[in-house]
Amino acid sequence: MTLPASDFRLAQPRDVQAAVALRGEQASSRFLAGGTDLVVNLRHGLENPALLIDLSGIDELRELEVTEGGVRIGACTTLAALSRTPAIRQRYRAVAAAAAAIAGPGTRNLATVGGNLCLDTRCIYFNQSEWWRRSNGFCLKHRGDICHVAPQGQRCHATFSGDLAPALMIFNAEVEIAGSARRRRLPLADLYVEDGRAHLALGAEEIVVAVRLPPAPPPSNYAKARVRGAIDFPLAGVAVALAADSGQVVTLRIGLTGTNSRPFLLEGTEDFIGRTLDEAALQRLERLVQKQVQPMRTTLASANYRRLAAAALARRLAAEIFAHSGEA
């Protein structure tokens, strides 16, 4: 059962600095872009801000620029627009595929790049109605004192389930962040922390302004396992960027989502450089993925299924891209 959203004020700043200033003035406030996740959380009583800061009127956040130096994607670019952009579809296939795989068409027309990157973590003990959560004594992420997934621990294991992050990470994407004092850039991978309660390395008043992609990307793709073939969040999502020459791997980067409290780049892929991606190598890749993902009982699917799914997706995508590299 959903509840009526609590009373709040709505502010509509015209530029980034005004939005940041409003956030700094009101501790109980949230940025609102597409609202496809936030509004649901409001109705479930998971959010109770006194002020919503609507970002839809800020032109800078909606800009998508393609130049010889790469691509700059404004944080309020919709997922639908991102997936349809020719330069993204042709040069950054994993990004277009990830954007097109999120939810359904109606949601993609509203949901934004920044919103998906800053998506709150999810768990079957958290994303429930108020009465359901109350009957279970709430949880470590919200108003409770234990994580029902790992009751003996002190860390929330809610899972990050955004699709775009790993697809952008494999291109060494950077994010532009604006705060009250300055703007800064950092690798997208550094935006995330392995903690379900506080998984974003953002200051209280900071906002993601844009994502930057470098030029000349390697071939790539993205795929995910989910309960239904549409709409659902990933149980495991995998992005692969792979370039090969003369039958040997030149570049290999793999991003993962849906299994941990943060999206992350697989470590150890440099060991495949200069080698062919034969059956033995693909089996090593599967084992590498299984060792590094940390799925817990945060979804209806078992942790072991999600671990195996992540490994299988990584193997399949890497094998397909490597096979096609020989056709160039």
Next item on the list: Could you please find all residues in the stretch 109-133 being part of a helix (DSSP H, G or I) and either free of Cβ contacts under 8 Å to residues at least 24 places away in the same chain or not polar (S, T, N, Q) (or both)?
Entry: Val113, Gly114, Gly115, Leu117, Glu130, Trp131, Trp132, Arg133
Check: Taking the stretch 6-30 as the region of interest, how many residues are open to solvent by less than 40 Å² (accessible area, probe 1.4 Å) and either of a type in the set (Phe, Trp, Tyr) or assigned to a loop (DSSP other than H, G, I, E, B) (or both)?
Finding: 1
Next item on the list: Just give me the residues in the stretch 273-287 being assigned to a helix (DSSP H, G or I) and buried (at least 22 other Cβ atoms within 10 Å of the Cβ), in sequence order.
Entry: Leu285
Notebook entry, point to check: Any idea which residue in the stretch 236-263 is surrounded by the most Cβ atoms within 10 Å (Cβ to Cβ), counting only those that are among the small types (Gly, Ala, Ser), in a loop (DSSP other than H, G, I, E, B) and in contact (Cβ under 8 Å) with a residue 60 or more places away in the chain?
Noted result: Gly258
Check: Quick one: is Arg226 touching a Lys or Arg at 6+ places or on another chain (Cβ under 7 Å), modelled with pLDDT of 95 or more, within 16 Å of Phe160 (Cα to Cα) and open to solvent by 50 Å² or more (accessible area, probe 1.4 Å)?
Finding: no
Next item on the list: Filter the stretch 100-114 down to the residues that are in contact with a strand residue (DSSP E or B) (Cβ under 9 Å, 6 or more places away or on another chain) and within 17 Å of Val39 (Cα to Cα), then identify the one that is surrounded by the fewest Cβ atoms within 10 Å (Cβ to Cβ).
Entry: Asn109
Notebook entry, point to check: Which is assigned to a helix (DSSP H, G or I), touching an Asp or Glu at 6+ places or on another chain (Cβ under 8 Å) and open to solvent by less than 30 Å² (accessible area, probe 1.4 Å), of Ala309, Ala314?
Noted result: Ala314
Checklist line | Residue that is at pLDDT below 95, farther than 19 Å from Glu320 by Cα, surrounded by fewer than 22 Cβ atoms within 10 Å (Cβ to Cβ) and small (Gly, Ala, Ser), where the choices are Ala189, Ala198, Ala204 | finding: Ala204
Next item on the list: Output the number of residues of the stretch 61-78 satisfying the condition of being open to solvent by less than 50 Å² (accessible area, probe 1.4 Å) and either touching a residue at least 40 places away in the same chain (Cβ under 8 Å) or assigned to a strand (DSSP E or B) (or both).
Entry: 9
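The values are calculated or read from the model by the stated rules, or taken from the named source; none is laboratory data. Keep in mind it's a predicted model, so treat the numbers as computed, not measured. Here the Cβ is made from the backbone with ideal geometry for all residues, glycine too, and neighbour counts use every protein chain on show. For the accessible areas, the whole protein counts, side chains as well, though only heavy atoms, and no ligand, DNA or RNA atoms are used. Shrake-Rupley method; radii C 1.70, N 1.55, O 1.52, S 1.80 Å.
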